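The values are calculated or read from the model by the stated rules, or taken from the named source; none is laboratory data. Keep in mind that this is a model prediction, so the values were computed, not measured. Please note: Cβ atoms are built from the backbone with ideal geometry, for glycine as well, and neighbour counts cover all protein chains shown.
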Amino acid sequence: MSTQKQALDLQQQQQMMMRVKNSGVLNYSGSPLNDEKEEEMTKTALSAFRAKEEEIERKKAEVRERVQTQLGRVEEETRKLAEIREELEALADPTRKEVAIIRKRVDLINRDLKTLGQTCQRKVMIIKTEFLLRTNLCSKNPFAF
């Protein structure tokens, strides 16, 4: 993979040098001294270009690494949240069950109290009526007992 990249870089360098030479911008006189200067300028331009490309690649790698780190943190936090949610659901379920059991007990006790209350009311009515009957009988006939 790196050899392919190196070959591609070399090919790009050669193409860049050919463009600079063929452009005629730097090649006015055609003397060997000027050719060497042109070649030197081309090499410096290419090295600057390579340096920038390498810097861009380094920054890409740094950003990629930071993103991967953030993704790892996010995944970990997601797992923690899922665990907390499960724990809360586990805590809520027994509470719901306990509440349901307590409600059933309260309903049973209310039912028992209702019947006891009705029984007590009947007995109170019976006692009152008996008392009234006795008091009425006693007032009419004091020797009725």
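Quick notes on this structure:
- Boolean, residue 86 is farther than 23 Å from residue 10 by Cβ, under 27 Å from the mean Cα position of the chain (by Cα), at pLDDT 95 or above and of a type in the set (Asp, Glu): no
- Pairs where the first residue, in segment 32-53, is of a type in the set (Gly, Ala, Ser) and the second is at pLDDT 85 or above and surrounded by 13 or more Cβ atoms within 10 Å (Cβ to Cβ), C-beta under 6 Å, 6+ apart: none
- Here segment 36-56 is the region considered, the condition is being among the hydrophobic types (A, V, I, L, M, F, W, C) and closer than 12 Å to residue 16 by Cβ, and the residue that is farthest from the chain's Cα centre (by Cα) is 41.
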